[in-house]
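Structure, as structure tokens:
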Amino acid sequence: GAVVSQHPSRVICKSGTSVKIECRSLDFQATTMFWYRQFPKQSLMLMATSNEGSKATYEQGVEKDKFLINHASLTLSTLTVTSAHPEDSSFYICSASDPTSGSYEQYFGPGTRLTVT
Amino acid sequence: GNSVTQMEGPVTLSEEAFLTINCTYTATGYPSLFWYVQYPGEGLQLLLKATKADDKGSNKGFEATYRKETTSFHLEKGSVQVSDSAVYFCALSDGNEKLTFGTGTRLTIIP
């Protein structure tokens, strides 16, 4: 089946620094990738949709200058949290859709837990 | 807009009990419906799905039937196991690739 990986799985950074999270589709080409944020014991909040070779589309209320998304290839999307603050601490999950599957099914990565100290 | 309403948890059951987690939705058109499961510290995994009315999705003993007349997609399992302890999310997609999730239901099965 379709596999999506994320790296790193956990990261701790100091306030004011930037951190990059990678999302890779391992055995399929993903024209579209999605970035979600999940707060403890809450649902997933869609942050942005990224399409290979074009700018990401951000959901209302998500700061695009703070959460930089780059979908450089059909198998890689990155989320960079710039000038991180403790309130950015969260579980970040990416997903990718496989257009050859004939459906809009999304395959999720295992998530990255970001802690900003 | 689209929305998904899920039964609030947490839900605690004994092993071998019958499980129902309610899910209703609001959407324009004919969405596809999904149940995802999230085990502790992990991302989401697709549990089952249904793409049209009266379809029944099933996997690992779990079932859910797409009921257009009641706009529901309730998750059921006849006999739960400790390994089923997880958070379950109901979701819909109305064809534009975006998923709308419910708030999740935390299920704990005790031996």
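Tabulated values for the structure
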read-out	value
Residue match in the range A:36-51 (condition: surrounded by 13 or more Cβ atoms within 10 Å (Cβ to Cβ), among the basic types (Lys, Arg) and either part of a strand (DSSP E or B) or in contact with a Gly (Cβ under 9 Å, 6 or more places away or on another chain) (or both))	yes
Among (1) modelled with pLDDT of 90 or more; (2) within 14 Å of the chain's Cα centre (by Cα) - the single one residue B:14 does not satisfy	(2)
Residue among B:28, B:20, B:24, B:70 that is loosely packed, with under 14 Cβ neighbours inside 10 Å, part of a strand (DSSP E or B), hydroxyl-bearing (Ser, Thr, Tyr) and more than 12 Å from chain A (Cβ to nearest Cβ)	B:20
Test: residue B:64 is within 12 Å of chain A (Cβ to nearest Cβ), in contact with a Lys or Arg (Cβ under 9 Å, 6 or more places away or on another chain) and of a type outside the set (Val, Ile, Thr)	no
Single residue of A:97, A:89 found to be surrounded by 16 or more Cβ atoms within 10 Å (Cβ to Cβ) and within 10 Å of another protein chain (Cβ to nearest Cβ)	A:97
Options A:69, A:21; residue that is touching a residue at least 60 places away in the same chain (Cβ under 8 Å) and either within 13 Å of another protein chain (Cβ to nearest Cβ) or surrounded by 15 or more Cβ atoms within 10 Å (Cβ to Cβ) (or both)	A:21
Single residue of B:42, B:97 found to be within 12 Å of chain A (Cβ to nearest Cβ), charged (D, E, K, R), touching a Pro at 6+ places or on another chain (Cβ under 6 Å) and in a loop (DSSP other than H, G, I, E, B)	B:42
Test: residue A:95 is polar (S, T, N, Q), in a loop (DSSP other than H, G, I, E, B) and in contact (Cβ under 8 Å) with a residue 24 or more places away in the chain	no
Residues located in the range A:108-117, provided they are part of a strand (DSSP E or B) and either more than 8 Å from chain B (Cβ to nearest Cβ) or of a type in the set (D, E, K, R) (or both)	A:112, A:113, A:114, A:115, A:116
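Quick grid of which residues meet (1) closer than 26 Å to residue B:13 by Cα; (2) loosely packed, with under 13 Cβ neighbours inside 10 Å; (3) free of Cβ contacts under 8 Å to residues at least 60 places away in the same chain:
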site: B:52; (1), (2), (3): no, yes, yes
site: B:62; (1), (2), (3): yes, no, yes
site: B:80; (1), (2), (3): yes, no, no
site: B:94; (1), (2), (3): no, no, no
site: B:107; (1), (2), (3): yes, no, no
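The values are calculated or read from the model by the stated rules, or taken from the named source; none is laboratory data. Keep in mind that this is a model prediction, so the values were computed, not measured. Quick reminder, even Gly has a Cβ in these numbers, built from the backbone with ideal geometry, and neighbours come from all protein chains shown.
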